[in-house]
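Structure record follows, encoded as structure tokens.
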Amino acid sequence: MQKQDCGCAKLSGGGTSGHHPQSEAPDFVAGTTTDSEFNTYKAGLVAVACWKVDDIRFHFGSSFVAPDMLEELAELKELTTTHTTWSKAEDGVGCSLAIFGHADPVGDEAFNKSLSGRRATAIYALLTRNTALWEKLYATPLGNDNWGKHSLQVMLASLGRGQTALHAISQNATERQALFKDYMDKLCGADLHLQARDFLAGGSHAHGKGDYQGCGKFNPLLIFSKHEQQQYNNHSDHTERNIRNAPNRRVMILIFRKGTRVEPDKWPCPSVEESAAACKKRFWSDADRRLHTQLDNERRLFQKSRDTFACRFYDRLVQDSPCEHGNDQYARKYFIYLPETLRNKARLLVTGEDGQQIMELPASAAAQDAQNNCVFDLSRLDASKSYRLQCMAGKKCILAVMTTDLSVLHGFAANRDASAIQNMTAFTGGQSPTQS
């Protein structure tokens, strides 16, 4: 088979979208037993496009969808317009979607399977306006994944409403679901409203099997080096480790070619309610090596070695996916949110491992994305080397990131985390930018 080329992936402040290269139908001849018989060729599952939203569009350890996801959802709308779904296809036959949630390699296997499944569920419910699924997530916390009143406050603020109704909404499931619906509509807009039949199994399974699933920690994009791992093991504060692991925490949507359907009882992935046992039945024979081999001083990256995924089923689906591979066009960009009062004061200082300054980029000259992040172009840097990036205001450092691989900068650099916001308020007269 020959692969037809496709365009590069598109990068946003918190995700990636793109089209998959397509295979031409193979030319072959296979004889039949008699001249009255025919051989039938049927291609397997073929993804035509992908959409990935990164960890920064969720609260840490949570399945709650942050309002910053507007930009990524606009990209998904474009994809579903190009690859028309079942509910909007003029001939009634459209493309199908499937959602895959992923966690990082840290922690309990069962918990990671559940959390990644909850994030996949949250995205499915958002796209289909299934407020009952969000209510279930709200009402059944899992560890730190506790939506609680904070999620209601965020939704009310995003919709421009006051907090006076907060207590009443927190006590009433009907009012909560009405709020969920309004928030979903705002994030997706009128043009991105999918139906259950737009998904791979057509909404035919009670727990979404075939439509949305959690893959847990079995398909990491990066695996720390032994040196990095030892450093993190020696510290009780895991903030740095969690930031570095952010690219592994993601939700992927694959869009399959027109007319693709699956039967839930034949789908290999367990539902979000089931354990990871069925996942392991689809593991590569060398899954342990793939997941646990660490190099001495270099990270293992899927985009380089293509051997960090344990699940062979998922691995085969995304081998040519621009959303999982990264590419040079977008890997060397640094996204950071800066309050308006800092835009003309701040600058990005890049130094090498030896401490020597390599470049200095003023924030005022940086591009801005749809979410008002400053986007610094680092394409002049050698992606094989390590750098320290410091966002400076005067002589003070607002935010610093040490990276050992530029390809994973995208995915955590734009995070508006609490500590960064707190540091920035010193330069904004105590006025903190809106938190999401």
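Counting lysine pairs in segment 174-294 that sit 8 or more residues apart in sequence, or on different chains, and whose Cα atoms lie under 17 Å apart gives 7. Centre-to-centre separation between the Cα atoms of segment 46-125 and those of segment 138-171: 22 Å. 3J(HN,Hα) along segment 88-96, derived from phi through the Karplus expression 6.51 cos²θ - 1.76 cosθ + 1.60 where θ = phi - 60°, amounts to 10, 6, 5, 8, x, 10, x, 7, 10 Hz, with x in place of Gly and Pro. Using the Cβ-Cβ distance between Gln22 and Asp296 with R0 set to 45 Å, the FRET efficiency from 1/(1 + (r/R0)^6) comes to roughly 0.70.
Placing dummy labels 7 Å off each Cα toward the beta-carbon, the span from Lys266 to Gln319 is 2.2 nm. Taking only protein heavy atoms and a 1.4 Å probe, the accessible area of segment 135-230 is 50% carbon and sulfur. Computed from backbone phi, the HN-Hα couplings of segment 240-248 come to 4, 4, 5, 5, 5, 7, 3, x, 6 Hz, rounded to whole numbers (Karplus: 6.51 cos²θ - 1.76 cosθ + 1.60, θ = phi - 60°; Gly and Pro given as x). The protection proxy used here, the mean number of other Cβ atoms lying within 10 Å of each residue, ranks peptides 122-130, 337-345, 289-297, 194-202 as follows, highest first: 122-130, 194-202, 337-345, 289-297. The H on the amide N of Met359, modeled in the peptide plane, is under 5 Å from the matching H of Val350, each at least 5 residues off or on a different chain.
The values are calculated or read from the model by the stated rules, or taken from the named source; none is laboratory data. The structure presented is a predicted model; accordingly, all values stated were derived computationally and were not measured. Every residue, glycine among them, receives a Cβ derived from its backbone with ideal geometry; neighbour counts consider all protein chains shown. What goes into the accessible areas is simple: the full protein's heavy atoms, side chains included, and nothing from ligands, DNA or RNA. Shrake-Rupley method; radii C 1.70, N 1.55, O 1.52, S 1.80 Å.
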